[in-house]
Amino acid sequence: MNQKNREIDWSRLNEIIAEHCQERWSLIPLVQEIQNEYGYIPPDAIPIIADKLKLFPSAVQGVISFYAQLYTEPRGRNTVRVCRGTACHVRGGKTILKLVKKELGIDEGETTDDLEYTLETVACIGVCALAPSLVINQQVYGRMNPKKVGQLFKRKDENHEPA
Ligand code: FES
C-alpha cells in the first residue's frame, strides 16, 4: 500500500484536541502536537480543530499556511534541501537539483511514495565555499557532482543522520 494513503488513527487526534481546547491561544501548540503525532496535519483534521476552537476552518488553514514548518501533507523520513543560492548556481547547482529530482523521481516540494524523502530547495545553506551543496536532514554534502549524487541516493535506506 502507498504509505501516503495509510489509515489515520483519529482517536489520538481527539485526545490532543481535548488536551488543548480549553486553553486560550491554543491553536499553534495544538497543531504542533498534531504534527508531532502524525508527522503532518491531516487536512481532514482542520474542520474538527476549527469546530472545537470555535474558529473558521479558513482561519486554521491560514495559520498553518503561515508557518513554513507546519505541513498538511505527509513528509519523508529524510528531508533533502538542494541549495539554489548564487554560489551554488554558478557552480552547477541547477544540474545537481535536476539530478536529485531524477534520482528520487519527485519534484520540489514533493515526497516519495515510500515516505523516505521530501525534496526542497533553499536560498543558501551557508557553506558557499563547498558549492554546489545540499543538505540531507542535518548533514551537509558539499562539492557535489553527478557521481556523488548517484552515490548519495544509491541506497534508499541509507541513514543520513550525522555520525
Ligand atoms: S549559495 Fe549554496 S551554500 Fe551558499
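We did not get these values from a lab; they are worked out from the coordinates using the rules stated. Treat the numbers as computed from the prediction; the structure is a model and nothing was measured. Ideal geometry is used to build each Cβ from the backbone, glycine not excepted, and the neighbour counts take in all protein chains shown.
With respect to the conditions (1) surrounded by fewer than 16 Cβ atoms within 10 Å (Cβ to Cβ); (2) assigned to a loop (DSSP other than H, G, I, E, B); (3) within 15 Å of the ligand (Cβ to nearest atom), Thr95 lacks only one, and its number is (2).
Given the structure, is Thr79 within 30 Å of Asn36 (Cβ to Cβ) and either part of a loop (DSSP other than H, G, I, E, B) or within 11 Å of the ligand (Cβ to nearest atom) (or both)? No. The set of residues from segment 119-155 being within 14 Å of the ligand (Cβ to nearest atom) and touching a Ser or Thr at 6+ places or on another chain (Cβ under 7 Å) comprises Glu120, Ile125, Val127, Val140, Tyr141, Gly142, Met144.
Within this structure, Glu33 fails the test of being within 14 Å of the chain's Cα centre (by Cα) and either farther than 30 Å from Arg143 by Cβ or within 16 Å of the ligand (Cβ to nearest atom) (or both). The set of residues from segment 46-76 being surrounded by 14 or more Cβ atoms within 10 Å (Cβ to Cβ) and in a loop (DSSP other than H, G, I, E, B) comprises Leu55, Leu70, Tyr71, Thr72, Glu73, Pro74, Arg75, Gly76.
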